[in-house]
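Worksheet for the structure shown next.
The values are calculated or read from the model by the stated rules, or taken from the named source; none is laboratory data. Model, not experiment: these values are computed from the prediction. No Cβ is skipped: glycine too gets one built from the backbone with ideal geometry, and neighbour counts run over all protein chains shown.
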Amino acid sequence: KPLRKSLRTAMDMLMTKRKAVLSDEEELQMLRTLCEHIRQRSLARLPELLEQLEENLTKRGVRVHWAETPEQACQIIYGIIETHKGSLMVKGKSMVSEEIELNHYLQERDIRAVESDLGEFIVQMAGEKPTHIVMPAIHKTKEQVSELFHQHLGTEETGDVDKLTGFARQALRDVYRTADIGLSGVNFAVAETGTLCLVENEGNGRLSTTVPPVHIAITGIEKVVAKLSDIPPLYSLLPRSAIGQNITTYFNMITGPRRSDELDGPQEMHLVLLDNGRSQAYGEEQMRRTLQCIRCGACMNHCPVYTRIGG
Ligand code: SF4
């Protein structure tokens, strides 16, 4: 019952916010059609765009890896960590890393992977899986989070959400400073420029990708788009659909490791491109459309089954 109540309240809130920022029906339909065309156009040229992306990223000093299966992706990431004799990874939010069960793989090899997105941080601490692709800990009440932090971080029990956020921030600062590797997802990868776009609200994505000496980005092969000019419409739709915000607090455009004239950023950068059945979906006309998804999560908010049992 508490799970249903939390989900219902959260889904209603997300739907109301989305409606408010997408109140002009005509604009919404135009934007959806435009984004659908961008995704279809990109997918129609997927093999060619992936090669272009690899070429442009390689020119900028990024090492690109191809993984057919989750096992291969985990092996590649573990191999990079081993090369650097690493033992601690700080992670920005990445649903693909959930898909390949990276944390579990690394834990079995004595590598500590710490989630830095607040929702992911909470579910990891609780030993659970994310319930929602955009809001991973949406099923938790603030009382449950307070108790969890009290048990694991030794913090005082409180119902003050700002205080709870502060406790997590404090605990994560040390992790950023000492992590050997930072890992992130990718929302859109631009082939013509070799740019990886990362959309986030907490700043943890930026810290995870710039503070540790090595940054590993991981994404599915379908996330590539042709041109930089494809990004504004997609970015206009994603946060509005996902969380009812016109823009996010951070929009990162990552174009490689630190250059000689730059003061910060990782010294080394990798991109892991995961297939895991996407090529097969690509080859089937009906299934190919599923690859157009921009992972906004809005359909989950409207799904009557999801809002009762979670995901
Ligand atoms: S998450 Fe759902 S609503 Fe959002 S783009 Fe994908 S299928 Fe569409």
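Structural remarks
- Segment 278-291: number of residues that are within 20 Å of Ile100 (Cα to Cα) and within 16 Å of the ligand (Cβ to nearest atom): 4
- Any hit, segment 119-142, residues being surrounded by fewer than 18 Cβ atoms within 10 Å (Cβ to Cβ) and within 16 Å of the ligand (Cβ to nearest atom): yes
- Among the candidates Ile254, Ile294, residue that is out of contact with any Phe, Trp or Tyr (no Cβ under 7 Å at 6 or more places or on another chain), under 28 Å from Gln72 (Cβ atoms) and within 15 Å of the ligand (Cβ to nearest atom): Ile294
- Scanning segment 1-38 for residues that are modelled with pLDDT of 90 or more and β-branched (Val, Ile, Thr) gives Thr16, Val21, Thr33, Ile38.
- Pair list, Cβ < 6 Å and 6+ apart or interchain, from segment 126-151 residues that are farther than 19 Å from Leu7 by Cα to residues that are surrounded by fewer than 17 Cβ atoms within 10 Å (Cβ to Cβ) and of a type outside the set (A, V, I, L, M): His150/Glu157
- Within segment 124-153, the set of residues being at pLDDT 95 or above and in contact with an Asp or Glu (Cβ under 8 Å, 6 or more places away or on another chain) comprises Gln124, Ser146, Glu147, His150.
- Residue tally, condition of a type in the set (A, V, I, L, M, F, W, C) and under 14 Å from His65 (Cα atoms), over segment 249-276: 5
- Residues being at pLDDT 95 or above, within 13 Å of the ligand (Cβ to nearest atom) and buried (at least 17 other Cβ atoms within 10 Å of the Cβ) are entirely absent from segment 269-276.
- Subset of segment 79-108 that is without any contact (Cβ under 8 Å) to a residue 12 or more places away in the chain and in a helix (DSSP H, G or I) - its residue that is nearest to Asp174 (Cα to Cα): Gln107
- Test: residue in segment 220-234 that is touching a strand residue (DSSP E or B) at 6+ places or on another chain (Cβ under 8 Å) and either more than 22 Å from Glu48 (Cα to Cα) or polar (S, T, N, Q) (or both): no
- Residue check for Gly154: of a type in the set (Gly, Ala, Ser) and on the phi > 0 side of the Ramachandran plot: yes
- Scanning segment 55-74 for residues that are in a helix (DSSP H, G or I) and under 20 Å from the mean Cα position of the chain (by Cα) yields a count of 6.
- Condition check for Leu228: in contact (Cβ under 8 Å) with a residue 24 or more places away in the chain, surrounded by fewer than 18 Cβ atoms within 10 Å (Cβ to Cβ) and more than 16 Å from the ligand (Cβ to nearest atom): yes
- Enumeration of residues in segment 277-289 that are surrounded by fewer than 17 Cβ atoms within 10 Å (Cβ to Cβ) and either aliphatic (A, V, I, L, M) or within 12 Å of Lys223 (Cα to Cα) (or both): Ala281, Met287
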